[in-house]
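Read the figures in this text as sums done on the coordinates, not as results from a lab. Keep in mind that this is a model prediction, so the values were computed, not measured. In this analysis, Cβ positions are derived from the backbone assuming ideal geometry, glycine residues included, and neighbour counts consider all displayed protein chains.
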Ligand code: GDP
């Protein structure tokens, strides 16, 4: 069962069970909130976020929000929905396309889905923004990463610039020159990842940031990550000044809640979500749509 389905089912049950009376009372509000909090925690939403969310709902529910004419369940669903939207970031956070060419640095831990996402993002912006993308393979450490990018690019008709295991700083510079010569107005750099953050990698990424002066530096995070992803995000952000996050693998049976807490805890917008392995399985992140999904 996917994260959205799991969450929606549990959330619905928490609300329906406790809000059987047509009106909201202090007692049923408290009971419902207890279960809503548990559902959030079970979905691996960060404790602090779950607390904040239920607190806000409680304040609104007890503080005169109650509307006599409207069914209690519906009111509670709306309250939860509104607060989820707030936690998730309110509105769409689009890619900054003002700089010509637009340069996007994708960073993240190994296996988070960077290479797959680089190709998906190129496909999406080619179609939606009529961009002429160039993919650049800079992951020289993971065996097969560059070949994987080349295969993905070839299947989508998107050129891939790579120089094998040459120093990625040099390759990045050459890629910028290549893009200019060949009229590419979007360059997506697929950088190396590690299983954990280490200093040499962060130095390399920082150098790449200076070389490419990215329009966007996006952290790709695995939707199956646990709470440690918050620290990982903070570490990357400290050095690289991230502009946003992409969450992958939300199609799987991940609990997903940890990554959905990123916005509230780090203030970084979630820009896209990955929902499959195919080249089209990437969608712009709309907090409202996600909240709709989380409430079935
Ligand atoms: P990288 O090491 O960060 O470059 O990670 P990869 O791009 O190689 O992805 C690791 C694995 O996750 C691959 O098998 C991908 O096909 C898979 N993957 C990436 N994004 C998604 C997604 O949104 N959904 C699913 N189901 N699998 C994904």
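Points to keep in mind about this one:
- Top of 284, 118, 155 by mean-square fluctuation, Gaussian network on the chain, Cα under 10 Å: 155
- Nearest 10 degrees, 0 to 90: helix 168-181 Cα axis against the chain principal axis: 80
- For the stretch 263-296 versus the stretch 1-64, the gap between their alpha-carbon centres in whole angstrom: 21
- A simple spin-label model places pseudo-atoms 7 Å from Cα toward Cβ; at residue 30 and residue 151 they are separated by 5.9 nm.
- For the chain, relative contact order (Cα pairs under 8 Å, six or more residues apart, normalised by length) works out to 27 percent.
- Theoretical gain in end-to-end length, residue 196 to residue 174 [0.36 nm per residue, Cα-Cα removed]: 5.1 nm
- Placing R0 at 51 angstrom, the Cβ-Cβ distance between residue 239 and residue 16 gives a FRET efficiency of 0.65 after rounding to 0.05.
- Efficiency of FRET from Cβ geometry, residue 62 and residue 231, R₀ 45 Å, rounded to 0.05: 0.85
- The Cα atoms of the stretch 43-113 cover 55, 29, 17 Å along the three principal axes, with the biggest extent listed first.
- Once the Cα atoms are used to define both axes, helix 114-129 deviates from the longest principal axis of the chain by about 90 degrees.
- Alpha carbon convex hull of the chain, volume per residue in cubic angstrom: 122
- Computed from label points 7 Å out along Cα-Cβ, the spacing between residue 82 and residue 100 is 4.5 nm.
- Taking 176, 62, 41 as the candidate residues, the one with maximal mean-square fluctuation in a Gaussian network model of the chain, Cα springs under 10 Å, is 62.
- Binned Cα-Cα distance frequencies in the stretch 85-197 - 10 Å width, integer %: 14, 45, 31, 9, 1
- The stretch 124-248: relative contact order as a whole-number percent, Cα under 8 Å and 6+ apart: 24
- Taking the alpha carbon gyration tensor of the stretch 164-210, multiplying each eigenvalue by 5 and rooting it gives semi-axes of 23, 10, 9 Å, largest first.
- Computed E for residue 203/residue 166 - FRET, C-beta separation, R0 22 angstrom, nearest 0.05: 0.80
- In plain terms, if you count all Cα to Cα distances in the stretch 141-271 and split them into 10 Å steps from zero, the share in each step is 11, 37, 37, 15, 1 percent.
- On Cα atoms only, tilt of 228-240 relative to the major axis of the chain in degrees: 50
- Most fluctuating residue given options 163, 20, 75, as computed from a GNM of the chain linking Cα atoms under 10 Å: 20
- Kirkwood-based shape ratio for the stretch 199-296, expressed as Rg/Rh from alpha carbons: 0.99
- Cα-based Rg and Dmax for the stretch 1-145, where Dmax is the largest Cα-Cα distance (Å): 21.5, 63
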